[in-house]
Structures are given as C-alpha cells and as structure tokens.
Amino acid sequence: MAVTLEMIHEDLEMLKREIAEMKKIIFSEPELREEIISRVKEARERMKTEYVTHEEMMNEFDVE
C-alpha cells in the first residue's frame, strides 16, 4: 500500500482532533491529571527504546 500526502494529512488531522478532545478531558477532571502526567512520562521513556510499525499502530487504535 502506497502512502500519499493526503493520507498523512488525514491521519495528522485525526490526531489533532483526538488530542484536542483528550486535553479537554484532562483539564476537566483534575484527579486524572497526575496519573496521566505520570503515564505520559513513562511512555516517552519507552518510546526511546521501542519502535512499532505504522501497521501495528493502526491496528492498536482500530484504524483502517
């Protein structure tokens, strides 16, 4: 499957919308904030050592 700029653009726009929604939830529920910050820090450290393919990422998030 060839990846086009349009596909990348659509994926980025989808991610921007999802991140905006996540930010709303995080800031509206302060009790989740500390746990989320901790998990993000953990994920950032893990990302430095583990890589996944585009297909694995799409499967993980049920995106076709």
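The values are calculated or read from the model by the stated rules, or taken from the named source; none is laboratory data. Keep in mind the model is a prediction, meaning the values are calculated, not measured. Cβ sites come from the backbone with ideal geometry, for glycine too, and all protein chains shown count toward neighbours.
Tabulated results
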quantity	calculated
Residue list for segment 13-41, restricted to those being aliphatic (A, V, I, L, M) and closer than 17 Å to E64 by Cβ	M14, L15
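Residue-by-condition table, conditions (1) of a type outside the set (F, W, Y); (2) at pLDDT 90 or above; (3) surrounded by 10 or more Cβ atoms within 10 Å (Cβ to Cβ):
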site	(1), (2), (3)
M1	yes, no, no
L5	yes, yes, no
E29	yes, no, yes
I37	yes, no, yes
K48	yes, no, no
H54	yes, no, yes
N59	yes, no, yes
V63	yes, no, no
